[in-house]
Each structure stands twice: as structure tokens, then as C-alpha cells.
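The values are calculated or read from the model by the stated rules, or taken from the named source; none is laboratory data. Keep in mind that what you see is a predicted model, and the values were worked out from it rather than measured. No Cβ is skipped: glycine too gets one built from the backbone with ideal geometry, and neighbour counts run over all protein chains shown. To get the accessible areas, we keep the full protein, side chains included, count just its heavy atoms, and leave off ligands, DNA and RNA. Shrake-Rupley method; radii C 1.70, N 1.55, O 1.52, S 1.80 Å.
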Amino acid sequence: MRIKEYLKPVSLQGAYNLVKNEQAIVIGGGAFIRLGDREIEKALDLSNLNLSFIEDKGDEIEIGAMTTLREIECSKILKTEFDGMLSKAVSEIAGVQIRNMATIGGSVFGRYGFSDVITPLMALDTYVEFYNLGRVPLEDFLESKSKLQDILVKIIIKKDGRRGKFLSVRNTTTDFSILNVAISKKANEFKIAVGARPLGAKLSKEAMEFISKVELTEENAKKAGELAAENLSFGEDLRASEIYRRELCKVLVKRGIMGVI
Ligand SMILES: Cc1cc2nc3c(=O)[nH]c(=O)nc-3n(C[C@H](O)[C@H](O)[C@H](O)COP(=O)(O)OP(=O)(O)OC[C@H]3O[C@@H](n4cnc5c(N)ncnc54)[C@H](O)[C@@H]3O)c2cc1C
């Protein structure tokens with residue numbers, strides 16, 4: 001990555017103008033974008049905009065886009081809320097040095113198929129707030145194919161008393177996940193997200209509907225895992241075959257459900 005002009009705006013409006021009118025490229029932590037061999041005319045550093053925070057607002061938790069994965073991992077709030085699911089999920093990403101750089105904003109905006117950040121967020125009631133677009137459900141943002149010229153300001157998670165469980169399988173620690181699963185439960189309602197398929201995280205609506213209606217037994221948790229594996233699509237890459245991922249999905253969904261109940 002080569003940068004011609006490095007800009008550090010002091011207002012969100014100023015930053016947005018540069019993205020909108022001058023096609024400036026936002027740099028989050030820069031950990032991933034720097035791996036590409038691209039030439040950037042104008043790079044936008046957001047670190048003067050006070051976007052690094054984790055705040056408990058009573059009914060929701062707000063995480064500023066420039067908050068690093070390490071800050072999320074170590075946050076007292078996120079170690080407790082949702083059974084620490086988000087904090088645990090990010091603690092498995094690469095090493096501390098990378099987690100000290102990589103931001104939640106870059107992790108969400110990048111919509112990476114391998115993401116261990118998006119999967120737990122999908123299993124929670126999560127919204128993303130952009131400077132211009134405003135607040136939208138995370139799922140809508142992930143499904144929209146359009147290339148947004150906007151600034152992700154914060155991630156909002158509703159504090160609705162959900163329990164949570166994140167599970168992943170890797171060939172070695174610090175490697176990318178072969179598959180990851182996040183399950184949350186609020187009263188009888190479950191959310192089941194499966195990511196690194198190696199496609200991006202998706203909710204298994206069939207498995208969610210099933211397990212939310214039946215008696216919570218090991219047998220039914222197994223059935224939910226089978227439903228998720230049947231109804232989601234999986235792919236092959238250098239880490240694992242499609243068949244192996246499908247088998248992992250059955251096991252991780254069952255274990256995740258047993259974990260939250
Ligand atoms: C060696 C290595 C190993 C990794 N392993 C894993 C792993 O196992 N699991 C995992 O989940 N992740 C992994 N990651 C990815 C990492 O967790 C981050 O998701 C990634 O680095 C992006 O975050 P960043 O802050 O570095 O974003 P950047 O690289 O700075 O930006 C990423 C993209 O988002 C845009 N962007 C950034 N912030 C904003 C914003 N606020 N508004 C609008 N656009 C924005 C940028 O323009 C760019 O297109 C790994 C990364 C590296 C470098």
C-alpha cells in the first residue's frame with residue numbers, strides 16, 4: 001500500500017466530505033488494508049475523532065468504530081455482557097500486536113468472510129451507525145451489496161439480557177477460523193449465526209425457528225445443528241473442504257446451544 005496524501009480531519013463532517021467528494025479512503029487500524037498492493041491518493045486517519053470508546057448506555061452498548069479488538073477483549077463491560085461472547089471471540093484473533101491495531105470499524109466495514117467479529121455481532125441485536133446513512137441493522141448492512149461511501153461511526157448492541165456462546169475451529173491458534181458459530185438466547189428465542197463458511201456469517205433461520213419452539217434437550221440441539229448444516233451453504237478453500245465445514249457446523253451449533261442452556 002502506498003499513500004500519496006495522509007489526512008487527519010478533526011470533525012466527522014470534514015471526514016465525510018473527504019470520503020464523499022474526494023474519494024478519500026478511510027484507514028481504521030490499517031492492519032488489513034496495508035496488506036493490499038494499492039496506491040491510495042488520499043488516506044483518512046480517523047484517530048482525532050474520538051471514536052474509540054465502549055459505553056454502557058443502560059439499554060444498549062455503544063462501541064466506537066476506532067475501538068481496537070484488544071480494547072474489546074479487555075473491556076470489563078464486554079467480558080460480562082452476553083456471557084463475554086464478543087470479548088472471547090476477538091481474543092482468538094491473530095496475536096496481541098494485531099489486536100492492538102485492528103479496529104471493530106474496519107472489521108465490520110470490511111465484511112470479511114473469515115470474520116470472527118461479525119459472527120458474534122450477528123447473533124446479538126446489533127446495529128451499525130454511519131455518519132450519513134444513520135443507524136441500520138447489521139444484517140441489512142451485510143446483505144447490501146452496494147459500496148458505501150460513508151463513515152462507520154459506531155456499533156450498537158441492544159442490552160436485552162441475551163446469553164451467548166462463541167465457538168470456532170482453527171488448524172492452529174492465530175490462524176483464520178475454518179468455521180465459527182455464535183449462539184445467543186433470550187427467554188425462548190435463539191439466534192444462530194454461522195461464519196467463515198468461508199462465506200460471510202449468516203443466520204440459520206430454520207435452526208433458530210426449530211430450537212426456539214421445542215423442548216431444550218440434547219437431541220433437539222443436535223437436530224438444530226443438522227438443520228443449520230442442511231440449510232446454509234458452505235465452500236471449500238485451502239483450510240477445509242465443504243463437507244468438513246458442514247460436519248463442523250452440526251457439532252458447533254449443537255455445542256453452542258448446549259452452552260447457552
Ligand atoms: C495478520 C492478520 C490476521 C488476521 N486474522 C483474523 C482472524 O483470525 N479473524 C478475524 O476475524 N479477523 C482477522 N484479521 C482481520 C482483523 O481482525 C481486522 O478485521 C482487519 O484488520 C480490519 O480492521 P482494521 O482496523 O485493520 O481495518 P483497515 O484495514 O484499516 O480497514 C479495513 C476496511 O474498512 C474500511 N474502514 C475502516 N474503518 C472504517 C470506518 N470507520 N468507516 C468506513 N470504512 C472504514 C477501510 O477503508 C478498509 O476498506 C486479521 C488481520 C491480519 C492483518
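Counting only residues that are over 20 Å from Ile178 (Cβ atoms), crowded, with 20+ Cβ neighbours inside 10 Å, small (Gly, Ala, Ser) and more than 8 Å from the ligand (Cβ to nearest atom), region 77-127 holds 1 of them.
Answer yes or no: is there a residue in region 219-233 that is open to solvent by 40 Å² or more (accessible area, probe 1.4 Å), of a type outside the set (Val, Ile, Thr) and touching a Phe, Trp or Tyr at 6+ places or on another chain (Cβ under 7 Å). Scanning region 219-233 turns up at least one residue that is open to solvent by 40 Å² or more (accessible area, probe 1.4 Å), of a type outside the set (Val, Ile, Thr) and touching a Phe, Trp or Tyr at 6+ places or on another chain (Cβ under 7 Å).
The number of residues in region 105-160 being assigned to a strand (DSSP E or B) and touching a residue at least 40 places away in the same chain (Cβ under 8 Å) comes to 7. Annotation: of all residues in region 224-241 being under 22 Å from the mean Cα position of the chain (by Cα) and part of a helix (DSSP H, G or I), the one that is farthest from Ala182 (Cα to Cα) is Asn231.
How many residues are without any contact (Cβ under 8 Å) to a residue 40 or more places away in the chain and within 10 Å of the ligand (Cβ to nearest atom) if we restrict to region 9-26? Qualifying residue count for the region: 2. Quick check on region 19-29. Is at least one of its residues surrounded by 14 or more Cβ atoms within 10 Å (Cβ to Cβ), touching a Pro at 6+ places or on another chain (Cβ under 7 Å) and farther than 26 Å from Ile157 by Cα? Scanning region 19-29 turns up no residue that is surrounded by 14 or more Cβ atoms within 10 Å (Cβ to Cβ), touching a Pro at 6+ places or on another chain (Cβ under 7 Å) and farther than 26 Å from Ile157 by Cα.
Looking only at region 206-216, decide whether some residue is under 21 Å from Leu86 (Cβ atoms) and modelled with pLDDT under 95. Among the residues of region 206-216, not one is under 21 Å from Leu86 (Cβ atoms) and modelled with pLDDT under 95, which makes the answer no. Of all residues being part of a helix (DSSP H, G or I) and either of a type in the set (Gly, Ala, Ser) or within 11 Å of the ligand (Cβ to nearest atom) (or both) in region 54-76, which is farthest from Asp175 (Cα to Cα)? Just the residue, please. So the residue we want is Ile72. Restricting attention to region 128-172, which residues are farther than 20 Å from Arg111 by Cβ and near the ligand (Cβ under 10 Å from one of its atoms)? Of everything in region 128-172, just one residue is farther than 20 Å from Arg111 by Cβ and near the ligand (Cβ under 10 Å from one of its atoms), namely Arg170.
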